[in-house]
Amino acid sequence: MKFTFVTLFPNIVSGYFSESILAKAIENKIIEIEYSNPRDFTTDKHGKVDAPMVGGGAGMLMSPQPLFDTIECIKSKDNNTHIIMMTPVAKKFTQNDAIRLSKKSHIVLISGRYEGIDERIIETSVDEVFSIGDFIITGGELASLVVCDSISRQVENVLGNTDSLSGESFEENILEAPAFTKPDNFKEKSIVSEYLKGNHGKITALKRALSLYKTEYFRPDLYSKIKQKAKK
């Protein structure tokens, strides 16, 4: 699977792939990472990629021409691109999106800067838009990395052990149960005793109950969906 990051700052992104699981996935040619910088496509004689907002407003926007030409260049080399733009003005990215998108062959992630991107890029060149939460960050690179990481771990053989994907949070709108390692007692805090008894049926039931408790407490919105589904 291939990811192309459209970004003015590729060095912000590249370091993330130099270590750990994704570095191994790249080394083993399971995923491929490329970068495309709109600065390389601008026709502005001063190399600018931003401009003031029409109609007024604080800050600058990324101009449409460099982004459009960047995307067209990528698409000209691959007919199977799926173009995603990260923006706070979009639906939230979810685990289900990660699973669905892991079946794509080439995902292009557009990272905005300044006060955002000219809306016409969304209208002409983008397949989907996503937000990673109800907050604002300095640039889209971090959001693009979050999405790339979440999708990548769903790609076969990236994690090595496929069991790592089973029972993860959000698979059923439910948060994961508490997990522990040895020692049994740490800082006067003990492991839940049932976990130590080896009765896997009881452990599974307890974990399900604890997952529901955590979901109800931390994510009442998800817990409400679980209750509604149970009524059907």
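State whether one or more residues within region 55-73 are among the polar types (S, T, N, Q) and either touching a Cys at 6+ places or on another chain (Cβ under 9 Å) or not assigned by TED's automatic domain parsing to the domain that holds R113 (or both).
no
I'd like to verify a number: residues in region 212-232 that are in contact with a Ser or Thr (Cβ under 7 Å, 6 or more places away or on another chain) and either in a loop (DSSP other than H, G, I, E, B) or not hydrophobic (A, V, I, L, M, F, W, C) (or both), how many?
The qualifying residues number 1.
Using the structure shown, decide if A209 is assigned to a helix (DSSP H, G or I) and not assigned by TED's automatic domain parsing to the domain that holds T94.
Considered against the rule, which asks whether it is assigned to a helix (DSSP H, G or I) and not assigned by TED's automatic domain parsing to the domain that holds T94, A209 comes out as yes.
From I30, I26, which residue is part of a helix (DSSP H, G or I) and more than 30 Å from L61 (Cα to Cα)?
I26
Against the conditions (1) under 18 Å from the mean Cα position of the chain (by Cα); (2) farther than 28 Å from D134 by Cα, where does K92 fall short? Just the number, please.
Only one criterion in (1) under 18 Å from the mean Cα position of the chain (by Cα); (2) farther than 28 Å from D134 by Cα is unmet by K92, namely (2).
Is it the case that some residue within region 55-77 is among the basic types (K, R) and either closer than 26 Å to F135 by Cα or not in a helix (DSSP H, G or I) (or both)?
No.
Which of the residues belonging to region 25-50 are surrounded by 12 or more Cβ atoms within 10 Å (Cβ to Cβ) and farther than 17 Å from G140 by Cβ?
Within region 25-50, A25, I26, I30, I31, E32, D40, F41, T42, D44, K48 qualify.
Out of region 125-151, which residues are under 14 Å from the mean Cα position of the chain (by Cα) and either polar (S, T, N, Q) or part of a helix (DSSP H, G or I) (or both)?
Those that are under 14 Å from the mean Cα position of the chain (by Cα) and either polar (S, T, N, Q) or part of a helix (DSSP H, G or I) (or both): S131, E141, L142, A143, S144, L145, V146, V147, C148, D149, S150, I151.
The values are calculated or read from the model by the stated rules, or taken from the named source; none is laboratory data. Note that the structure is predicted; figures quoted are calculated from it, not measured. So basically every Cβ, Gly included, is an ideal-geometry build from the backbone, and we count neighbours across all protein chains shown.
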